[in-house]
Amino acid sequence: MSSKPLTHSDKSLTIPARFDQLRRAGAFVSDMAAAAGFEGLQLNRIELAVDEACSNIIQHAYAHRPDGKIHIRVQAERGRRIVITLIDTGEPFDPEAVPVHNPEASLDDLKVGGLGLFLIRQTMDDVQFEFNVPGLGWGQPKRFNRLTMIKYL
Amino acid sequence: MISSLNVTSQRVEGQSTAVLKLAGRLDATTVGQLERALTDAQLSGNRVIVIDLSDLTYISSSGLRVLLTGRSNTRKRGGEVFLCSLRPPVREVFEMVGFTAVFTIFDTLEQAMEAAAAVSRG
């Protein structure tokens, strides 16, 4: 057996769509990101993106529906990048319809909507939303939503 | 479950100032504690609320929203919210969303307390 260090890892976790699971999701992703070489503020940014994305799914896609689930897949390439995929079967939404947070807005104009989405886009290098993706059968849901977030080292 | 946020509240003698110290993580699961502490501090008639973030290690948009609401409610009553001692991960999130320009932020608790005393005297 070669003792060559593992450079790729691919793990998944499915959590109930509840706020009390946010930290578990964040820790799962940050542990893999740390093993891939991310550290310090970078790790905080990755955890924040996962936290905000899961919070949006819990609040908006499932509207706190108790049976909702979030499937999290993390593909980490050591020294290069991390790809985080979140899958849910809740209501799709139009990210373009969410008011965009404007950090330059004057105090009076400051609205607190869209902060989560804004932070996801600020903290990750590549963010892609897909809605109503058809499933492939074999026990998969008929349709699902997929958010892919990529961060490079 | 042990809460991952600790909020301690202290009233400053002879001033209408409350100091809230946050330790741990401010996210969707813990914001309720800060909301309650802010409401208590406002209802007790404090004009200035100093929020010491020196032991806050993490903040998400849920925490940012509660701080913003707390600031706006306090100002509606003619008061002020001062923040101090932001750690790098927290400061970075404040900078990303533009909150460093919204909040009055001090590097140290001492500086925030001096500013609070000035407001209290004024």
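Since B:Val81 meets every condition but one in (1) out of contact with any helix residue (DSSP H, G or I) (no Cβ under 6 Å at 6 or more places or on another chain); (2) within 13 Å of another protein chain (Cβ to nearest Cβ); (3) within 17 Å of B:Val19 (Cα to Cα), which condition does it not meet?
(1)
Looking at this structure, is B:Thr69 of a type in the set (Ser, Thr, Tyr), more than 10 Å from every other protein chain (Cβ to nearest Cβ), farther than 29 Å from A:Gln42 by Cβ and in a helix (DSSP H, G or I)?
Judged against the criteria, B:Thr69 is not a match.
If you take the residues in region B:42-65 that are surrounded by 20 or more Cβ atoms within 10 Å (Cβ to Cβ) and within 13 Å of chain A (Cβ to nearest Cβ), which one is nearest to A:Ser30 (Cα to Cα)?
Among residues in region B:42-65 that are surrounded by 20 or more Cβ atoms within 10 Å (Cβ to Cβ) and within 13 Å of chain A (Cβ to nearest Cβ), the one nearest to A:Ser30 (Cα to Cα) is B:Tyr58.
Kindly list, by first and then second residue, each pair from a residue in region B:77-102 that is under 20 Å from B:Ala41 (Cβ atoms) to a residue that is surrounded by 20 or more Cβ atoms within 10 Å (Cβ to Cβ) and among the charged types (D, E, K, R), limited to pairs with Cβ atoms under 8 Å and residues at least 6 apart or on different chains.
Matching pairs, first to second residue: B:Val81/B:Arg71; B:Cys84/B:Asp52; B:Ser85/B:Asp52; B:Val102/B:Arg71.
Restricting attention to region A:11-44, which residues are basic (Lys, Arg) and in contact with a strand residue (DSSP E or B) (Cβ under 7 Å, 6 or more places away or on another chain)?
A:Lys11, A:Arg24
A:Ile15 - would you say it is touching a Lys or Arg at 6+ places or on another chain (Cβ under 9 Å), crowded, with 22+ Cβ neighbours inside 10 Å, within 14 Å of another protein chain (Cβ to nearest Cβ) and among the β-branched types (Val, Ile, Thr)?
When the stated conditions are applied, A:Ile15 does not pass them.
Name every residue in region A:39-53 that is more than 13 Å from A:Met149 (Cβ to Cβ) and either among the hydroxyl-bearing types (Ser, Thr, Tyr) or crowded, with 19+ Cβ neighbours inside 10 Å (or both), in order of residue number.
Listed by number, the list holds a single entry, A:Asn44.
Kindly check whether there is at least one residue in region B:87-100 that is part of a helix (DSSP H, G or I), facing chain A (nearest Cβ under 9 Å) and small (Gly, Ala, Ser).
no
Which of (1) touching a strand residue (DSSP E or B) at 6+ places or on another chain (Cβ under 9 Å); (2) without any contact (Cβ under 8 Å) to a residue 40 or more places away in the chain does B:Thr69 not meet, given it meets every other one?
(1)
So how many residues does region B:12-41 have that are more than 14 Å from chain A (Cβ to nearest Cβ), touching a helix residue (DSSP H, G or I) at 6+ places or on another chain (Cβ under 6 Å) and surrounded by 19 or more Cβ atoms within 10 Å (Cβ to Cβ)?
Qualifying residue count, region B:12-41: 5.
Give B:Phe103, B:Phe82 a once-over and let me know the one that is in contact with a Leu (Cβ under 6 Å, 6 or more places away or on another chain) and among the aromatic types (Phe, Trp, Tyr).
Exactly one of B:Phe103, B:Phe82 is in contact with a Leu (Cβ under 6 Å, 6 or more places away or on another chain) and among the aromatic types (Phe, Trp, Tyr), namely B:Phe103.
Here are the criteria: (1) touching an Asp or Glu at 6+ places or on another chain (Cβ under 6 Å); (2) within 23 Å of A:Thr123 (Cβ to Cβ); (3) touching a residue at least 40 places away in the same chain (Cβ under 8 Å). Tell me which single one B:Val48 does not satisfy.
(2)
So which residues in region B:41-60 are assigned to a helix (DSSP H, G or I) and within 11 Å of the chain's Cα centre (by Cα), if there are any at all?
Residue satisfying the conditions is B:Ala41 alone.
So which of B:Ala23, B:Ala115, B:Ala101 is out of contact with any Asp or Glu (no Cβ under 6 Å at 6 or more places or on another chain) and modelled with pLDDT of 95 or more?
Answer to the check: B:Ala115.
Among the numbered criteria (1) assigned to a loop (DSSP other than H, G, I, E, B); (2) farther than 20 Å from A:Gly26 by Cα; (3) not polar (S, T, N, Q), which single criterion is violated by A:Phe38?
Unmet condition: (2).
Looking at region A:115-142 only, could you name the residues that are of a type in the set (D, E, K, R) and touching a Leu at 6+ places or on another chain (Cβ under 8 Å)?
The answer is A:Glu130, and nothing else.
The values are calculated or read from the model by the stated rules, or taken from the named source; none is laboratory data. Since the structure is predicted, the reported quantities are computational estimates derived from the model, not experimental observations. All Cβ positions, even for glycine, are placed from backbone atoms using ideal geometry, and neighbour counts span all protein chains on display.
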